[in-house]
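Contents: one structure, followed by commentary.
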Amino acid sequence: MIKVGITGQDGFVGKHLYYTLGLFPDEFLRVEFKRDFFENDKELDHFVSQCDVIVHLAAMNRHESQDVIYETNVNLVQKLVNALERTNSKPHVLLSSSSQEERDNLYGKSKKEGRELIANWAEKNHGIFTGLIIPNVFGPFGKPFYNSVVATFCHQVSHNETPKIDVDGDLKLIYVGELVQEIIAQIRTKNHQSKLEIQHTSEKKVSEILAILQQYKSEYQDKGSIPTLPSVFELNLFNTFRCYMDIATHYPVKLMQHTDDRGSFVEIIRLEVGGQVSFSTTKPGITRGNHYHTRKIERFAVIKGKALIQLRKIGTDEVLNFELNGDEPAYVDMPIWYTHNIKNIGDDILYTNFWINEFFNPNDADTYFEEV
């Protein structure tokens, strides 16, 4: 069992790494970290002494003063080094630096100097150190106007705001899930390398990203259609966009019902992609689901009976409740990293139509059980 601690555990990348490590309970034990540990030597020393691996992600990305960013980031690394030396601990330390290291700004300088501080500690104490040079990271739950332009654009487009392009440059990007897998691979291999460049997995102009997001807004958010997703990048960007929508007010989405003397007809979904369609019957009082996905797109459409669909973002306590009735057919889509279920709250059999964007593969189900 590898004991892993993450400074910046509650940050954008930190949360994704923390919850992904939780998918491997037989391999990793997560050592809890809190932000105020850096202000308490005793707490920081206790944290450090427990860890086989420390992933240092804590940093300041934006502030009105570049000097504050520089001082904060270098001081955080120095405090970590001091704790390592006080406790004579020798965990494998991984540090996230940035492709901005070589740029003429204090943020890049702070990341480079921080990486060099850990490298010097490792050389002096015969420790294992992996210094990660990371490109632009995007993904669900990033903070708009702070973590990335993708987070900002996703928030603005999904909330009917008008994005502005200051510089239409080329962005070298990596999806947060891809980055987390790279970090876990480095933990497993115990790679000692003071400067390891993590390769970007896609490259787009800022205007291209905005145009794709506006397409998602028009086709998916406004019309309910699943757009063409011709690449892994676009699948990841689409799943990112969906997580910035105001889920609590967007769902359930009513479906158009065409009725005549023969009965009724309801179109459930329009697809530019493939996938798998299925349906279920659920007895009164029975609940299905209580699981979440990290990459799949899924739609629940109630066509007969009464249902309660519940969603909860992993790591939070807020539960979103949606009541659906087959008399007024409607659907709810499941965002990634939201555990979800569906319960028959009526007196009759519940009929539900399910669509998911990939065939079920028992060897790679992307289905993780957790009660809502």
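Every read-out reported here was derived from the displayed coordinates using simple, explicitly stated rules and does not represent laboratory data. Computed from a prediction, not measured in an experiment: that's the story for all the values here. Virtual Cβ from ideal backbone geometry, glycine too; neighbours counted across all protein chains shown.
Things to note:
- In plain terms, the residue of M256, M334, M245, M60 with the fewest other Cβ atoms within 10 Å comes first and the most crowded comes last, giving M256, M60, M245, M334.
- Its alpha carbons give the range 118-259 an Rg and a Dmax of 19.1, 78 Å.
- Under 5 Å, built H, 5+ apart or other chain: amide partners of I2: F28, L29
- Of the cross-linked pairs K15/K223; K254/K304; K164/K313; K34/K204; K15/K283, those separated by over 25 Å at the C-alpha level are K15/K223; K164/K313; K34/K204; K15/K283.
- Taking every DSSP helix (H) stretch of at least 4 residues in the chain, weighting each as -39,500 (n - 2.57) and dividing the sum by the residue count yields a mean residue ellipticity at 222 nm of -9500 deg cm²/dmol.
- Whole-angstrom Cα spans of the chain along principal axes, big to small: 83, 45, 33
- Under 11 Å, Cβ to Cβ, from R35 - net charge with Lys/Arg +1 and Asp/Glu -1: -3
- In summary, the helical segments of the chain meeting the span-like criteria, namely a full DSSP H run, a Cα extent along the axis of 30 angstrom or more and a mean Kyte-Doolittle hydropathy of at least -0.5, are 66-87.
- With N the number of residues in the range 10-109, Rg(Cα) / (2.2 N^0.38 Å) evaluates to 1.15.
- Residues H159, H56 arranged by fewest to most Cβ contacts within 10 Å: H159, H56
- Here is the list for the range 147-216: trypsin sites (Lys or Arg not before Pro) lying in DSSP coil, each with at most 10 other C-beta atoms within 10 angstrom of its C-beta, are K164.
- Among 274-283, 141-150, 319-328, 259-268, the order from most to least packed when residues are scored by Cβ within 10 Å on average: 141-150, 319-328, 274-283, 259-268
- For the range 184-259, alpha-carbon Rg and Dmax in angstrom: 18.5, 67
- Residues whose placed amide H lies under 5 Å from that of K204, excluding near-sequence neighbours: L171, L173
- Neighbour counts of C-beta atoms inside 10 Å place L173, L255 in the sequence L255, L173, starting with the fewest.
- Semi-axis lengths, Å, the range 247-369, gyration tensor of Cα atoms, sqrt of 5 times eigenvalues: 23, 17, 14
- Euclidean distance between Cα centres, the range 20-70 to the range 139-183, Å: 23 Å
- Here the ratio of the Cα radius of gyration of the range 39-83 to 2.2 N^0.38 Å is 1.29.
- For the chain, DSSP calls about 65 percent of its internal beta bridges antiparallel.
- Rounded Å value of the spacing that divides the Cα centres of the range 115-135 and the range 306-357: 47 Å
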